[in-house]
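Every number in this text was worked out from the coordinates using simple rules, so none of it is lab data. Being a predicted model, the structure only gives us computed values, none of them experimental. We place every Cβ from the backbone using ideal geometry, glycine too, and count neighbours over all the protein chains shown.
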Amino acid sequence: MNAAHSTYVWPRWWRLALLAAGTLILCSCRAPDICEPAHRSGIGSPTDLLPAGACEDQLPLEAVDCQDVGGPPAGFDSPALPLIMAGDWVPPGVSLPWPADEYLIDGGDHGQPVHVETDWDVIGLDLEDTVAHYDTVCGERIVTPSNIVPIYSPRFGSVRLVTSPLLNDQIVGAAGVELPERIVQQQENQIVTTELQNEQAIGQTGLRQPIDRKGRQWDGGISRAIGLAAFQDAFLPYENIAIIRQGIFEQSEKPYLAEGVTAAVTWTKDQAVHVIIDRQAAAEVVGDQRAQATYSVTPECGSPMLRIVKVASTQFAKPGETVDFTLRFDNVGTSLIGNVTIIDNLTTRLEYVPDSAQASVKAEFFTEPNQGDSLVLRWEITDPLEPGEGGICRFRCRVR
Amino acid sequence: MALVVAVGQANSSVFAQPPKVHYRHRSDLPPGAIGSAQLQRGGPLPGYFQPVEIKAPTGAEISLAAGNRFLDPQPSPTTAGLLVGGVYRFRVSRIPYEPGREVFPTVEIIDRLYPPGGQQKRFPIVVEITQEDLELALAGSFVTRVIYLEEPRAALPVAEEAIGGLNSHDAKPGDNPIEIADTLGRPMAILRLGGWLPINNQANGPVNEDLEPGLGTALPLIRYPSPGAGGTGVEYESEGPCFESEAEVPAATQPRTAGRIPAALPIGAKSQTATASHEAPAPRKLFGWRGR
């Protein structure tokens, strides 16, 4: 048994050599440079989706070489995916990140959905929003939000209260003002609001009409009673309401009226609708036939679609530290798109570092103040994007 | 049409009113009362050592209390892990422009952070004592600071570097700083300055004559390496429950239930005991539930 087993065990020198070769291969692996030419980076590299010469045409406002675009920026730490959006304890059933007040959120489309008017006015752009909009060859304008990037960055403030015995409001005197209790005389002087028959009736006038009359005919020994053709007694119990009795509608009697209406409905008959056309009733046809063909409609302008992904250089940042953000956009549709514009509305606690914006494609970059005393960053991609093309935008922020 | 508009405006005015909140806590409650109430909620609060960074003016020194004495003074800032719900007294000495004088503030931890794994020490609660606070305390005033976690979407658009410290608001006399802090974020700690002597209350048991005068027995804490010490930790001799890391904390020291906070209760107050529930999620807001 041992002899048979030993025949399957490789020699020791062979195992050591195999282990060394494997270690050498693993150590030689590296991530492909994003700006490495496609013929060198190989199939499936990020540059496959970049337009030719993307790294040569840089943003005019800043001369960035190819290495700067493709390589990580200073202080770039590879973010560990999936994103860590919670601590060691999370209540069950809550949405992440939790707790939200300890995270800075950037990206996505919060609040009202962003849409772009015909005059390029962007409506519904809230703080923290990051969207891209583009035009299709059919003239349609589409808005696509990015993913949400949370950054753990709690910041603290304080509220101070200074109390001193020298302050006047600290002097407590027995002025008696604080407890102004008095005898509540009103409790004994309550006015009678309900009065029930405080005067006893001393008499009653009968309104009962005679219901019969006896006639006595003297011309014989036969007498008979002749009844009046009228109400007997007053009203029946269900008629004892004012609208019936007096013709006056009272709110207190509404439920009774409703009940009466319901009862009235039940009295009706011939409720079903009968349709007869040319004296022939409609015939109901029940079949078991199924559709034998499925038709699909393909729009003339194809299926335009832009994907925008946002990542950050770190998931944790203290006030004063810098964070690099990268926006990756790709035309993952089947048709040409143009006027691609990427907008990032920075939240209040993110301060854009001047001259840190970059783009891997030819683009114009603009900034404008937003409602959070930060900036709205805007990249207008100059050239249209063919299917499969894309690019990268990058900028740096300082955490306030 | 006019009726519809009128009804709509009436509804909008009704819904625009902020929800009424009943605040159960005030800043003038005895130290520890709010923290004890927080522990009764259960959840992940009892037994958690929340890292706290205490800042003082440049030049001042901070001495934490461990066991029955103050530890060696450390330059500002100093960081330590403090129990949520506890009240810790420390000493601020070498105050600039106030030679020879000392202040003995207390800090009460009333909530904790939930940082991602491994980031607990990097993101402590920052408790800042300004020079003005110290001078007010030395002049006989009582300073209460409620430290809150700022709501990011309502944050002030200023950097801490620009203002030289944390954002600070002053409450008017008669205002409740906890209520104000709750509107600005999530209250995390309460700092109280005013003591010139290390007097502690006697709710944690009979007075031990061997203790430093009036200090009493301090709650356990974890002392983190000071940035000024090169990250190698601080050497000292501890006679009390002071630990250098979470691993050194004995299990018996970490209350599994919300127990009695000795230094927190006023004299004559009954001990408060509650059973911690690790299943029920703790409500987000501390001082009033507004459904948000």
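Measure up A:318/A:362; A:310/B:121; A:318/B:172; A:318/B:121 against 23 Å on the Cα-Cα distance and list the ones that go over. A:318/A:362; A:310/B:121; A:318/B:172, as the Cα separations exceed 23 Å there.
Other protein chain C-beta atoms within 10 Å of residue C-beta, averaged over B:165-176: 4. Counting Lys and Arg as +1 and Asp and Glu as -1 over every other residue whose Cβ lies under 10 Å from the Cβ of residue A:145, the net charge comes to -1. In this structure, the amide hydrogen of residue A:375, modeled 1.01 Å from its nitrogen in the peptide plane, lies closer than 5 angstrom to those of A:346, A:352, A:370, counting only residues at least 5 positions away or on a different chain.
When you count the other C-beta atoms within 10 angstrom of each residue and take the mean per peptide, A:328-336, B:143-151 line up highest first as B:143-151, A:328-336. Extension gain for the segment residue B:161 to residue B:197, taken as residue separation times 0.36 nm less the Cα-Cα distance, is 9.6 nm to one decimal. Shielding of peptide A:10-23 by partners, expressed as the average count of other chain Cβ atoms within 10 Å per residue Cβ, is 0. With a 10 Å cut-off around each Cβ of B:134-147, the average count of Cβ atoms from other chains is 3. Residues whose amide H lies under 5 Å from that of residue A:314, counting only those 5 or more places away or on a different chain, are A:324; hydrogens are built 1.01 Å from N in the peptide plane.
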